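Bear in mind these aren't lab numbers, they're just calculated from the coordinates by the rules spelled out. Note that this is a predicted model, so its numbers are computed, not measured. In this analysis, Cβ positions are derived from the backbone assuming ideal geometry, glycine residues included, and neighbour counts consider all displayed protein chains.
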Amino acid sequence: MNSTDFILAASESANPLLPNPWEILVTGVGFAVLLFIVVKVIAPKFEQSYEDRVTAIEGGLEKAEAAQKEAEETLAQYKAQLLEARTEANRIREDARSEGAQILADLKTKATDEATRITEQAQRQIEAERTAALSSLRTDVGTLATELASKIVDEALKDDARAQRVVDQFLNDLEAQQNAGASN
């Protein structure tokens, strides 16, 4: 057959605007198989993948929120501990100040007591030395006065009782003069 015969045969039976029914059937079956595979296999896998992503994102958000909440709680605990530590440090500082003030007051009291004790001891020692000096002075002055009176009077005052009376009289007069001078 020649090519013109094909053209004539084709032109008589086939309408170029209408597709071949076998092509429509094969294409339809292929489309149905492809649609079945997409609906039954591919789409569920996409859905599962989508759900996994949503779950992962929501879980990540929940974990992030939990971590944020835990961080805030930890920060609050840290601030509370810091405040407690500062309060404790202030209390210790105040205790140390009051203890230092107490120690200082105790030391001042002890120093005052020691100074008073030393002053009293010195006063007693001075009084004892004064008494000893007066006693020694009385003896020495008595002896000197007796010798002087003996030389002036040319009389021997060798009698101890008489010499003692003269010395006592002299010293009493001397003390009376000092007391009169001190009161003026």
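Some values worked out for this structure:
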item: Only one of R86, R91, R117 that is basic (K, R) and either under 30 Å from N172 (Cβ atoms) or more than 37 Å from the chain's Cα centre (by Cα) (or both); result: R117
item: Condition check for A80: surrounded by 10 or more Cβ atoms within 10 Å (Cβ to Cβ), of a type outside the set (K, R) and within 26 Å of the chain's Cα centre (by Cα); result: yes
item: Matching entry among E23, E58, E62, E70 (being acidic (D, E), exposed (fewer than 10 other Cβ atoms within 10 Å of the Cβ), in a helix (DSSP H, G or I) and out of contact with any Lys or Arg (no Cβ under 9 Å at 6 or more places or on another chain)); result: E23
item: Filter pass, E51 being part of a helix (DSSP H, G or I) and surrounded by 10 or more Cβ atoms within 10 Å (Cβ to Cβ); result: yes
item: Any pair with Cβ under 6 angstrom, 6 or more apart, that starts in segment 18-40 at a residue that is among the acidic types (D, E) and ends at one that is exposed (fewer than 10 other Cβ atoms within 10 Å of the Cβ); result: none
